[in-house]
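Step one of this worksheet: look at the structure below.
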Amino acid sequence: MSAPGEENAAGNAAVNTTSARRQRWSDVRRLLAVRTDNLGDVLMTTPALAALRQRLPEAHITLLTSKAGAAAAAHIPVDEAWACSPAWTPQGQAAEALADRRAALGHRDAELVDRIAEGGFDAAVVFTVCTQSALPAALVCRMAGVPLRLAHARENPYALLTDWVPETDRVETGMRHEVRRQLDLVASIGAVDRGADGDRLRFTVHEADRQRVRARLAAAGLRGLGDRANDRAGGGFVLLHPGASAASRRWPAPAFGHVGAALAQLGWPVVVAGADGDIALVQAVCSAMLAAGAAPPLALAGELSLGELAALVEAAAVLVGNNSAPSHLAAALGTPVVNLYALTNPQHTPWQVPHRVLSHDVSCRWCLKSACPEHHHLCLLGVREEAVVDATLALLAERGVADGVMPTLTDVIAAGVAAPADHAEHDDPADHVELAEDADHTDPLAPGDSPAWPFAAIPTPAPATAARPR
């Protein structure tokens, strides 16, 4: 049992330590933010970057990131970005595999140390997910002479970090969101954004990008949501984005096409977009729509810069996409999202934007894998196409762009699309609850028992669960 006054003394010491830590960071003028992950991860870090910007208004902020993350530099709260693929990332591992191993060993690491040293940084913040170690980056920054180094770490980092936030996150249902994790990290040095945008994701769309996208839409007879009166006949469109960097996070492209065809038959213009690597996926979406009797959609695969993609997302009434960067762009820009959410990681759901998260619960949830380790992909294949259509229509109605009346499954049937054979009545996905850890996932329908809806749909084993925004 503590002696009288010991607890107060310990508390005062903690306050003094926190105060001293924050004072050390007040003098930072050149800050290195390390986030060597995908674009979506960088976007989820933007509230923390904004908080650092507010805490250190005179500091020059450099983002050390992946090539994909660096593309966002002109749109997020940093002054510049350096693209790299260090040895502790998958990209760095692949780069070394292609090089002469003996010649390459350590050479790229030394180059990175030299470049950081030349930057003359006063401090570095290393952002990671809870399954990553920040210590390789911390060591590089220490070797480069960066005097202040902040990061999460599960093990004691000793002198590798000057500012250590103990790692407490575990991969499990209900864990802290990725955005909140990074906000909590920078809050430890007093970086809290008290502006109007608070902890929202940040992405600035440049007017030149808007104008180019408006021209592309106008050429196809379309207008974005911000360019029209608030009615369906006046414009607006649903944006489908079937891409994701990992195969485990991609709902099948033909299923996107069937959803697009159902929405088109209800009178909603559909646009399909993708990055350079998504051209085949976009073609598959368009082919499925054509096979279902829908008119060809506007397809923009590999044709847009990141800024133009953001302008397209901003103009859309709703985005339907996977757990990937476009969904986080939508969250930053306020566009509602229907998120086909593979159960690979629980931390990355859409942040502070109207959304529906659709998944099929499985016992292998939170696998953290880029390819399904069980080879069944049921967490996404279990999402029925009609649930995606219903979720899209619900968000359109909530946004007030459905002429005051939300089309239902009856409207779809009236449009000439067959109803699911095993559904006696409409099952609103909004009535489903969020994933429960003890949810029954042991008795899916066999593929041959799955209803084909709305067209020649892929086999699907069970209804999806839909999570409302919290």
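The values are calculated or read from the model by the stated rules, or taken from the named source; none is laboratory data. Keep in mind it's a predicted model, so treat the numbers as computed, not measured. Glycine also receives a Cβ, built like all others from the backbone with ideal geometry; neighbour counts cover every protein chain displayed.
Selection of region 297-313 for residues being in contact with a strand residue (DSSP E or B) (Cβ under 8 Å, 6 or more places away or on another chain) and under 16 Å from ASP276 (Cβ atoms) yields ALA299, LEU300, ALA301, GLY302, LEU304, LEU309, LEU312. Would you call ALA123 more than 28 Å from GLY307 (Cα to Cα) and at pLDDT below 90? No; evaluated as a whole, the condition is false for this residue.
For region 105-124, the candidate set comprises residues that are under 29 Å from the mean Cα position of the chain (by Cα) and among the small types (Gly, Ala, Ser); within that set, the residue that is nearest to ARG24 (Cα to Cα) is ALA123. Within region 27-45, restricting attention to residues that are buried (at least 24 other Cβ atoms within 10 Å of the Cβ) and among the polar types (S, T, N, Q), the residue that is nearest to HIS75 (Cα to Cα) is THR45. Of all residues in region 147-195, exactly one satisfies the criterion of being under 25 Å from LEU343 (Cβ atoms) and in a strand (DSSP E or B), namely HIS152. Only residues that are part of a helix (DSSP H, G or I), among the hydrophobic types (A, V, I, L, M, F, W, C) and either modelled with pLDDT under 95 or surrounded by 21 or more Cβ atoms within 10 Å (Cβ to Cβ) (or both) were counted across region 292-332, and they come to 11.
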